[in-house]
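One structure below.
The values are calculated or read from the model by the stated rules, or taken from the named source; none is laboratory data. Here the structure is a predicted model, which means the values were calculated and not measured. In this analysis, Cβ positions are derived from the backbone assuming ideal geometry, glycine residues included, and neighbour counts consider all displayed protein chains.
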Amino acid sequence: MQDKRAVIFCITILLLAGTVIGYAAVPQSTVRTDVAGITTVVGHYGNFTNGISMGTNEIIDNTMAATFVTLDTGQGANDLWDMDQNVETSSSPTFVNLTLSGNILNGYNITDIGEGNYSQIDADEYFLSSVNITDSIINADPGGNPTFVNITATNIYVSSTLDVDTINEYSNGDGLTIDGVVLRDGAVLPEGQVYGVQWNVGTDTWTQVDIDGATITPTTDDFNNHTVWGSITRVNLASDGTVNARYGDGDYAVDGSNGEVMVEIPAFYVKGEQTTSQVYQWWISGVPLTGFEIHPAFLQRDGRPKAFIYVGAYESSLMVGTGVHDADTTLKLHTRSSEQPWTGGEIDALPYDSGSTEFTRGETITGATGGGTADVIDWTLTGGTWGGGDAAGTVYIKQNAVANFQAENLDGSVGGANMAGATGVQVAESLDIGEARTYGSAHGEGWGQMGIWSLSAVKLLFVVEYGNMDSQTEVGRGVVDLASGAGYAGLETAAASVDSNLDAAGTGVGTGADGDVPATYRYMENLWGNVYAFIDGYNAVDAEYRLIERNGDGTFADGLATYEASSMAPITTDGYISDIEWDRIMKYLFIASATGGGAGTYIPDYQYSHDAGETNILLAGGHWNDASHAGLGSLLSFYVSSSSSRRIGARAEYAP
């Protein structure tokens with residue numbers, strides 16, 4: 001029995017020893033190959049020199065790298081890709097291109113796909129969509145709200161809104177341009193959207209300034225490239241507000257055949273400050289900015305902000321009906337070239353009958369008996385027919401010879417002898433401010449004559465562009481040195497080839513002696529000189545100036561029923577403007593508070609001021625015999641609403 005126990009004990013010892021000897025003979029880092037092609041792994045690890053196979057698939061051999069579908073290192077089954085640099089939480093890997101979808105680290109959300117070449121982006125969060133970046137960030141997601149701690153970039157393109165606290169420049173100081181607005185150190189620069197001017201009355205100096213009040217010297221090209229000045233142009237405008245053609249188009253016409261010849265002015269924003277009692281500053285911006293307001297001209301006639309207003313390119317003449325010479329007898333202000341402006345008593349209505357040859361616009365008719373002559377402006381046909389020889393109506397004329405017409409035959413320079421018969425003496429068509437308003441509005445809703453805020457807008461455009469209000473020096477004297485004469489003694493519209501002499505800005509003068517030919521500023525002819533223009537929306541009474549409301553809610557009238565009142569009483573002294581009225585209402589109007597200047601100082605234009613005890617209207621610009629009294633700043637405020645004169649006309653305007 002003891003022998004059996006000894007045998008069992010010995011066998012046990014041998015088995016244990018064999019196990020130890022077997023494992024010791026094959027280290028844990030090696031393998032043992034018993035048969036070619038079959039490898040047996042002994043231990044927990046192995047070094048394989050002949051390769052590894054699993055089933056029929058060889059995974060590793062001694063001539064190639066290991067190939068796995070996935071590799072599970074304890075973090076799940078993952079794909080493996082080429083890598084030639086460390087990618088750890090402390091690493092800074094460099095990529096030639098990076099295509100991303102999903103999230104980056106701290107929720108920096110790429111909503112689409114970004115491909116970038118970034119020097120550095122430090123941000124709390126950013127949102128980019130379809131981005132291809134090479135020193136730029138393009139097409140920021142308009143649905144996102146990107147917030148950056150710092151951005152260093154050559155170009156930044158923004159499709160929505162960019163709010164910036166501070167801009168620190170590290171290049172050449174050109175600033176950051178966003179939709180045409182140039183920013184430098186947080187400020188909007190004049191070469192982007194803002195130009196300004198300062199008038200120091202105490203030293204009688206004018207200075208062009210940027211938004212911060214710093215002196216600048218912009219050029220004509222700067223203004224021509226600006227979103228406001230550079231967009232001013234002439235158009236042919238239909239009565240319903242349709243732009244039929246633009247200046248330079250093949251079908252653009254100056255003769256009124258394709259619509260009223262108007263000047264399109266884009267909306268702009270203004271700011272005015274009085275830094276001391278006699279230092280004034282004004283700015284114009286093409287975009288809304290803090291402290292700026294839309295100019296009141298772009299709110300008139302219904303209170304809605306407007307993208308454009310339209311001002312007559314020329315002084316208005318007369319049109320009857322729709323220009324087709326039928327029974328429509330409605331008189332309208334008409335804006336076209338080569339026509340005598342409509343002034344009080346200088347366009348006549350001559351009744352006719354027995355018409356056998358239709359009149360031609362511009363032809364000269366002569367009374368066969370009395371010898372009076374006149375040029376045809378327009379006509380109606382209220383009875384009969386030309387073919388039947390019994391056409392009847394009214395022909396509107398500008399009289400050349402003083403002799404009156406009478407019941408007599410009419411001979412035409414185009415129509416020939418006995419083309420029609422006058423039935424009596426011509427009747428002068430008066431023109432006062434109320435009639436001009438009626439004839440202007442006859443085109444339809446939104447139409448009228450030039451208002452106080454439209455005049456203000458034009459003055460601001462000029463004074464900021466030229467850095468002063470001396471229009472006769474900066475552009476030309478205008479039609480101001482002609483003889484007083486009898487009747488209408490000014491020029492027709494577009495006289496002296498002025499339209500052919502306009503520069504790229506739409507500015508120029510006619511061919512001839514300065515003072516005898518028209519001056520045009522930004523396509524608007526005779527803003528000064530030739531004839532005074534009624535200015536609507538203004539009353540001056542002893543206690544105050546009354547102006548049609550800036551918000552556009554008021555109604556134009558001879559005596560304004562609703563208005564905004566100035567804080568000061570009108571002056572009653574006449575003379576060259578040496579200082580201006582300034583309060584929240586008056587600051588954009590350039591109306592004199594003092595008239596102690598001269599033809600070469602301050603605002604070198606003349607103001608005829610309020611007459612005590614009256615409710616006065618306003619005229620602007622001067623006339624053909626006004627010499628240096630005329631100018632863009634020239635004002636006359638001693639007439640009343642019933643006043644009519646051969647020297648006073650009107651300019652049409654339209655607010656869509």
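Within the range 369-396, being of a type in the set (S, T, N, Q) and within 12 Å of A420 (Cα to Cα) holds for T385, T394. Within the range 387-401, if we keep just the residues that are surrounded by fewer than 20 Cβ atoms within 10 Å (Cβ to Cβ) and not aliphatic (A, V, I, L, M), the residue that is nearest to A327 (Cα to Cα) turns out to be D390.
Please specify each residue of the range 248-292 satisfying the condition of being in contact with a Gly (Cβ under 9 Å, 6 or more places away or on another chain), crowded, with 17+ Cβ neighbours inside 10 Å and within 22 Å of H443 (Cα to Cα). Those that are in contact with a Gly (Cβ under 9 Å, 6 or more places away or on another chain), crowded, with 17+ Cβ neighbours inside 10 Å and within 22 Å of H443 (Cα to Cα): G256, E260, V261, M262, V263, P266. Failed condition for D375, given (1) in a strand (DSSP E or B); (2) among the charged types (D, E, K, R); (3) more than 22 Å from A489 (Cα to Cα), with all others met? If we test D375 against (1) in a strand (DSSP E or B); (2) among the charged types (D, E, K, R); (3) more than 22 Å from A489 (Cα to Cα), just (3) comes out false. With respect to V414, is the statement that it is touching a Lys or Arg at 6+ places or on another chain (Cβ under 9 Å) and of a type outside the set (S, T, Y) true? Taking the combined requirement at face value, the residue does not satisfy it. Look at (1) within 14 Å of P266 (Cα to Cα); (2) of a type outside the set (K, R); (3) over 12 Å from the mean Cα position of the chain (by Cα) and you find that W229 fails only one, number (3). Taking the conditions (1) within 32 Å of the chain's Cα centre (by Cα); (2) surrounded by 19 or more Cβ atoms within 10 Å (Cβ to Cβ) in turn, P570 satisfies each one other than (1).
Criterion first (in contact (Cβ under 8 Å) with a residue 60 or more places away in the chain and within 24 Å of the chain's Cα centre (by Cα)) does Y532 satisfy it? Answer is no for this residue.
Between T343, T335, T366, which is closer than 17 Å to A417 by Cα, touching a residue at least 24 places away in the same chain (Cβ under 8 Å) and surrounded by 15 or more Cβ atoms within 10 Å (Cβ to Cβ)? Steps first, answer last, please.
Numbers: T343 fails: closer than 17 Å to A417 by Cα; T335 fails: closer than 17 Å to A417 by Cα.
None of the others qualify; the one that does is T366.
Within the range 434-473, which residues are surrounded by fewer than 18 Cβ atoms within 10 Å (Cβ to Cβ) and either of a type in the set (D, E, K, R) or on the phi > 0 side of the Ramachandran plot (or both)? If the condition is that a residue be surrounded by fewer than 18 Cβ atoms within 10 Å (Cβ to Cβ) and either of a type in the set (D, E, K, R) or on the phi > 0 side of the Ramachandran plot (or both), then G444, E445 are the ones that fit. Please determine whether any residue of the range 380-395 is modelled with pLDDT under 95, within 49 Å of the chain's Cα centre (by Cα) and either part of a strand (DSSP E or B) or of a type in the set (G, A, S) (or both). No, every residue in the range 380-395 fails to be modelled with pLDDT under 95, within 49 Å of the chain's Cα centre (by Cα) and either part of a strand (DSSP E or B) or of a type in the set (G, A, S) (or both).
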